[in-house]
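Enquirer: Before I ask anything, let me first share the structure, which is written out below as structure tokens.
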Amino acid sequence: MIDMNRIEHVGIAVRSLKEAMATYEKMGFQISSTEEVEKQKVRVAFIKLGESRIELLEPTTPDSPIAKFLDKKGAGIHHMAIEVDDLKAKLKELKQ
């Protein structure tokens, strides 16, 4: 069995990055940086949390994957990335 080492990040879909950042800051989290990822049609705010991070994801266009997620499911956890030692081996293991 291939070890899963840690949660690398949790992606949370939000309708308004500005509002979400304010909410997380009120809870005591610190926004470490923000960026726009044009290829993914998303703006992201990063929150460091120990060895992991939270990524707040706001769509930049109505046809972005995050916009479609928000339309279908509403705001919330979109994905979780887990660090493993050998991705190809872990994927093979999971398929079996």
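Enquirer: Ordering E25, E93, E19 by accessible area with a probe of 1.4 Å, largest first, what comes out?
Expert: Of E25, E93, E19, the descending order of accessible area is E19, E25, E93.
Enquirer: Accessible surface of I31 in the full protein assembly, 1.4 angstrom probe, to the nearest 10 Å²?
Expert: Solvent-accessible area, nearest 10 Å²: 30 Å².
Enquirer: Relative contact order, percent, of the chain when contacts are C-alpha pairs under 8 Å separated by at least 6 residues?
Expert: 41 percent
Enquirer: Still on this structure, please answer the following. Where both partners of a DSSP beta bridge lie in the stretch 1-88, what percent of those bridges are antiparallel, to the nearest 5?
Expert: 80 percent
Enquirer: Classify the stretch 2-51: rounded, prolate or oblate, from the alpha-carbon gyration tensor (a ≥ b ≥ c, eigenvalue square roots; a/c under 1.5 rounded; otherwise prolate if a/b is larger than b/c)?
Expert: The shape class here is oblate.
Enquirer: Taking only protein heavy atoms into account and a 1.4 Å probe, give the accessible area per residue of the chain in Å².
Expert: Here the per-residue accessible area is 71 Å².
Enquirer: Still on this structure: Just to be sure I understand the model, the point goes 7 Å from the Cα along the line to the Cβ. What's the resulting H79 to T60 distance in nm?
Expert: 1.7 nm
Enquirer: While we're here: Let me cross-check T61: its accessible surface, 1.4 Å probe, with only protein heavy atoms counted, in Å² to the nearest 10?
Expert: Its heavy atoms expose roughly 50 Å² to the probe.
Enquirer: How long is the gain from E19 to E51 if the chain were fully straight, where each residue apart is worth 0.36 nm and the alpha carbon distance is subtracted?
Expert: Here the segment from E19 to E51 would lengthen by 9.0 nm.
Enquirer: Please list, or write none, the lysines whose alpha carbon is within less than 25 Å of the alpha carbon of K41, excluding same-chain residues fewer than 8 places away.
Expert: Hits, sequence-local ones excluded: K18, K68, K72, K73.
Enquirer: Next question, about the same structure. Report, to one decimal in Å, the Kirkwood hydrodynamic radius for the chain based on all distinct Cα pairs.
Expert: Kirkwood radius, the chain: 14.5 Å.
The values are calculated or read from the model by the stated rules, or taken from the named source; none is laboratory data. Because the structure is a prediction, the values reported are computed rather than measured. Every residue, glycine among them, receives a Cβ derived from its backbone with ideal geometry; neighbour counts consider all protein chains shown. With ligands, DNA and RNA removed, areas are computed over all heavy atoms of the protein, side chains included. Shrake-Rupley method; radii C 1.70, N 1.55, O 1.52, S 1.80 Å.
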